[in-house]
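Q: Pasting a structure below so you can have a look.
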Amino acid sequence: MRLDGKVALVTGGAIRVGKVISMALAEAGADLAISYWGTPAEAEETKKEIEAMGRRCMIYEANMRSVPQLQALVKAIDEEYGRLDILIHNASNFNEGPLETVTEEVWNSSHEIILKGAFFLTQAAVPLMMKHKSGRIMAMIGDSYYENWPEYIPHSIAKVGLVKLMETMAVTLSPYIQCTALCPATIMTSACGDYSSAFKSRAQQLDENSHTVKINGREIIMGNPAQVAELIVFLSGCSSYMNGAVIPIDGGKHLV
């Protein structure tokens, strides 16, 4: 799937899974805009790696909790590229804690970064996408959409809200812009680094050697960021008939 001539924005695209997504889109021919927060050195390194592929890349520090900063990000993309074709809502936090420890600050942090930021960034990006009457918007959700995690309640609720945002936008922006929610299972290198404790908290046995997790006595293969990025590249260029979908990418884990 080639994306030559396209411009993609990946939030949180300088590190970890976001970087893998950014690199995959660049390898497919897209020019990149990458937003980051608090990781300037990593953002510069990612930029250099993408430019070494012969692609253009701009980096922009923006707090997902700040609507003016998100609006300024889109304005900068318009000034740099004059278009936006692909928007990946990847930036997230992962607040952990049982019910009794959740504070208003923790609740707001999850919802503002994951859901509020995605909404207002979408709002700002749509007019730029509509310059060419086409676009793809994708949101990284995770398997909290299918599972109930008692230690991650604000995170899970915000992510489910993000699914509904993608479904609503799919209807609102049809037929020009297609929106999709992606639900990868916990992958070996996560947004928070080591996921071993998360598996244990859900009574799931992780085998790091075979890259499998045992659930209810059944082994399910675990994926990696490159496999998720491969799907994102495909959805960025496939038929516009794909719209409003909630797609599990989890080796069948949600069925067990």
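Q: Of all residues in segment 34-83, which are out of contact with any strand residue (DSSP E or B) (no Cβ under 9 Å at 6 or more places or on another chain), within 25 Å of residue 112 (Cβ to Cβ) and either modelled with pLDDT under 95 or not basic (Lys, Arg) (or both)?
A: 63, 66, 67, 68, 71, 78
Q: Among the residues of segment 18-48, what is the count of those that are under 27 Å from residue 108 (Cα atoms), open to solvent by 10 Å² or more (accessible area, probe 1.4 Å) and touching a helix residue (DSSP H, G or I) at 6+ places or on another chain (Cβ under 6 Å)?
A: 2
Q: Consider residue 231 carefully, then state whether it is at pLDDT 75 or above and either open to solvent by 20 Å² or more (accessible area, probe 1.4 Å) or within 14 Å of the chain's Cα centre (by Cα) (or both).
A: yes
Q: Looking at segment 138-160, which of its residues are without any contact (Cβ under 8 Å) to a residue 40 or more places away in the chain, open to solvent by 50 Å² or more (accessible area, probe 1.4 Å) and assigned to a helix (DSSP H, G or I)?
A: The answer is 160, and nothing else.
Q: Of the residues 70, 87, 25, which single one is in a strand (DSSP E or B), within 17 Å of the chain's Cα centre (by Cα) and not β-branched (Val, Ile, Thr)?
A: Sole residue among the options that is in a strand (DSSP E or B), within 17 Å of the chain's Cα centre (by Cα) and not β-branched (Val, Ile, Thr): 87.
Q: Could you please tell me which pairs satisfy a Cβ distance under 8 Å, a separation of 6+ or placement on different chains, a first residue in segment 161-174 that is touching a residue at least 12 places away in the same chain (Cβ under 8 Å), and a second residue that is part of a helix (DSSP H, G or I) and open to solvent by less than 20 Å² (accessible area, probe 1.4 Å)?
A: These pairs meet every condition: 161/114; 162/114; 162/118; 165/118; 165/122; 169/122.
Q: Is at least one residue of segment 49-63 open to solvent by less than 50 Å² (accessible area, probe 1.4 Å), in a helix (DSSP H, G or I) and of a type outside the set (Asp, Glu)?
A: Scanning segment 49-63 turns up at least one residue that is open to solvent by less than 50 Å² (accessible area, probe 1.4 Å), in a helix (DSSP H, G or I) and of a type outside the set (Asp, Glu).
Q: Pull up segment 161-170, narrow it to residues that are open to solvent by 10 Å² or more (accessible area, probe 1.4 Å) and out of contact with any Cys (no Cβ under 9 Å at 6 or more places or on another chain), then point me to the one that is nearest to residue 233 (Cα to Cα).
A: Result: 164.
Q: Looking at 121, 87, which one is under 21 Å from residue 227 (Cα atoms), in contact (Cβ under 8 Å) with a residue 40 or more places away in the chain and buried (at least 23 other Cβ atoms within 10 Å of the Cβ)?
A: Going through 121, 87 in turn, just one is under 21 Å from residue 227 (Cα atoms), in contact (Cβ under 8 Å) with a residue 40 or more places away in the chain and buried (at least 23 other Cβ atoms within 10 Å of the Cβ): 87.
Q: Being out of contact with any Ser or Thr (no Cβ under 9 Å at 6 or more places or on another chain) and either aliphatic (A, V, I, L, M) or modelled with pLDDT of 95 or more (or both), is that true of even one residue in segment 141-149?
A: For segment 141-149, residues out of contact with any Ser or Thr (no Cβ under 9 Å at 6 or more places or on another chain) and either aliphatic (A, V, I, L, M) or modelled with pLDDT of 95 or more (or both): present.
Q: Which of the following residues is over 16 Å from residue 12 (Cβ atoms) and of a type in the set (Ser, Thr, Tyr): 60, 81, 36?
A: Being over 16 Å from residue 12 (Cβ atoms) and of a type in the set (Ser, Thr, Tyr) holds for just one of 60, 81, 36, which is 81.
The values are calculated or read from the model by the stated rules, or taken from the named source; none is laboratory data. Everything numeric in this text was worked out from a predicted model, so none of it was measured. As a convention, Cβ positions derive from the backbone with ideal geometry for all residues, glycine included, and neighbour counts pool all protein chains shown. Each accessible area value is taken on the protein alone, full model and side chains, heavy atoms only, with ligands, DNA and RNA left out. Shrake-Rupley method; radii C 1.70, N 1.55, O 1.52, S 1.80 Å.
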